[in-house]
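S.K.: Can you read through this structure? Questions will come right after.
The values are calculated or read from the model by the stated rules, or taken from the named source; none is laboratory data. From a predicted model like this one, the values you see are computed outputs, not experimental measurements. Note that we place each Cβ from the backbone using ideal geometry, even for glycine, and neighbour counts take in every protein chain shown. Side chains included, ligands, DNA and RNA excluded: accessible areas come from the protein's heavy atoms. Shrake-Rupley method; radii C 1.70, N 1.55, O 1.52, S 1.80 Å.
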Amino acid sequence: MSKIDRLEGRLKNTQQMLEQIAAHYDMPENPVNDELRHLINEGKEIQAIKRAREALGLSLIDGKQYVDRLKS
């Protein structure tokens with residue numbers, strides 16, 4: 001279990017690093033983000049999570065975290 005926790009931590013760190021690199025080089029956002037924000041603004045957070053999972057191949061937890069980051 002601890003090995004999985006370490007791998008998840010490394011994955012999150014890598015994701016944060018990639019987001020910082022993308023912001024530094026003014027890389028465009030993933031096009032699905034606009035659709036997800038629209039769903040969030042309509043109060044359809046569950047549909048937004050489902051769409052994020054479909055479009056990005058995320059787990060349920062990762063999809064929820066992705067949508068939560070878009071909300072902030």
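S.K.: Any idea which residue in region 52-63 is nearest to Glu29 (Cα to Cα), counting only those that are touching a Lys or Arg at 6+ places or on another chain (Cβ under 9 Å) and touching a residue at least 12 places away in the same chain (Cβ under 8 Å)?
M.R.: Among those residues, the one meeting the criterion is Ala52.
S.K.: When only residues in region 30-72 that are closer than 25 Å to Gly9 by Cβ and in a loop (DSSP other than H, G, I, E, B) count, which is most open to solvent (accessible area, probe 1.4 Å)?
M.R.: The extreme case among them is Ser72.
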